[in-house]
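Each remark here refers to the structure printed beneath this line.
The values are calculated or read from the model by the stated rules, or taken from the named source; none is laboratory data. Owing to the predicted nature of the structure, the values given are computational and were not obtained by experimental measurement. Note: ideal-geometry Cβ built from the backbone for every residue, glycine included; neighbour counts use all protein chains shown.
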Amino acid sequence: MDRQKRNQIVSLVDQAIKPLGYECLEVEWDQVERALRIFIDGPNGIDMDDCLAANGILKDLDDLDDMVSGAYRLEVSSPGIERPLRTVDHFKEAVGQLINITLLEQVDGRKRGKGILEKVADSGSLTLNIDSNEWSCPIELLNRANLVYDWS
């Protein structure tokens with residue numbers, strides 16, 4: 001699924017579930033399983049009842065069916081410990097934490113980075129500390145980003 005369609009689906013889902021107090025963080029398309037995975041969050045986290053409530057709204061959303069051609073399985077889930085990051089606010093909440101990002105194109109010879117998020121400018125520029133080196137990139141070039149849990 002391309003970035004534009006993914007963003008359209010996130011926006012559509014976000015509007016549909018916002019009245020329930022939820023936010024759509026990310027969507028993933030699994031071509032092999034024909035599964036649309038939707039990751040949501042709420043002010044107090046997400047549990048199974050929240051996922052069921054959101055699924056109940058989304059399964060009848062005709063606009064969503066129009067965006068995904070053919071039969072598919074809808075999965076609604078919590079973001080988990082390595083939650084996706086999409087917005088400037090998400091990144092501001094993650095300052096000081098280990099994150100992983102993938103860009104649409106290279107910036108300063110790098111398309112991927114894993115490091116401590118040091119700062120987020122209001123303009124949307126991210127600065128990471130990767131192996132004691134600063135690397136900055138604009139959020140508009142972001143393809144994917146998520147928190148990274150240190151399992152050690």
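Tabulated results
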| item | result |
| --- | --- |
| Test result for LEU104, buried (at least 16 other Cβ atoms within 10 Å of the Cβ) and either without any contact (Cβ under 8 Å) to a residue 12 or more places away in the chain or under 23 Å from ARG3 (Cβ atoms) (or both) | no |
| Residues of the range 1-20 that turn out to be within 13 Å of the chain's Cα centre (by Cα) and either among the β-branched types (Val, Ile, Thr) or closer than 20 Å to CYS51 by Cα (or both), as a count | 6 |
| Residue within the range 74-83 that is of a type in the set (A, V, I, L, M, F, W, C) and modelled with pLDDT of 95 or more present | yes |
| Residue, surrounded by the fewest Cβ atoms within 10 Å (Cβ to Cβ), within the range 111-152, restricted to residues that are assigned to a strand (DSSP E or B) and β-branched (Val, Ile, Thr) | ILE130 |
| Residue count for the range 124-142, restricted to those that are free of Cβ contacts under 8 Å to residues at least 12 places away in the same chain and within 19 Å of the chain's Cα centre (by Cα) | 1 |
| Within the range 16-34, tally of residues that are at negative phi and loosely packed, with under 15 Cβ neighbours inside 10 Å | 7 |
| Selection count, the range 65-110, where residues are touching a strand residue (DSSP E or B) at 6+ places or on another chain (Cβ under 8 Å) and assigned to a helix (DSSP H, G or I) | 4 |
| Long-range neighbours under 8 Å by Cβ, at least six apart or interchain, first residue closer than 17 Å to GLN15 by Cβ within the range 56-81, second in a helix (DSSP H, G or I) and polar (S, T, N, Q) | MET67/GLN8; LEU74/ASN55; VAL76/ASN55 |
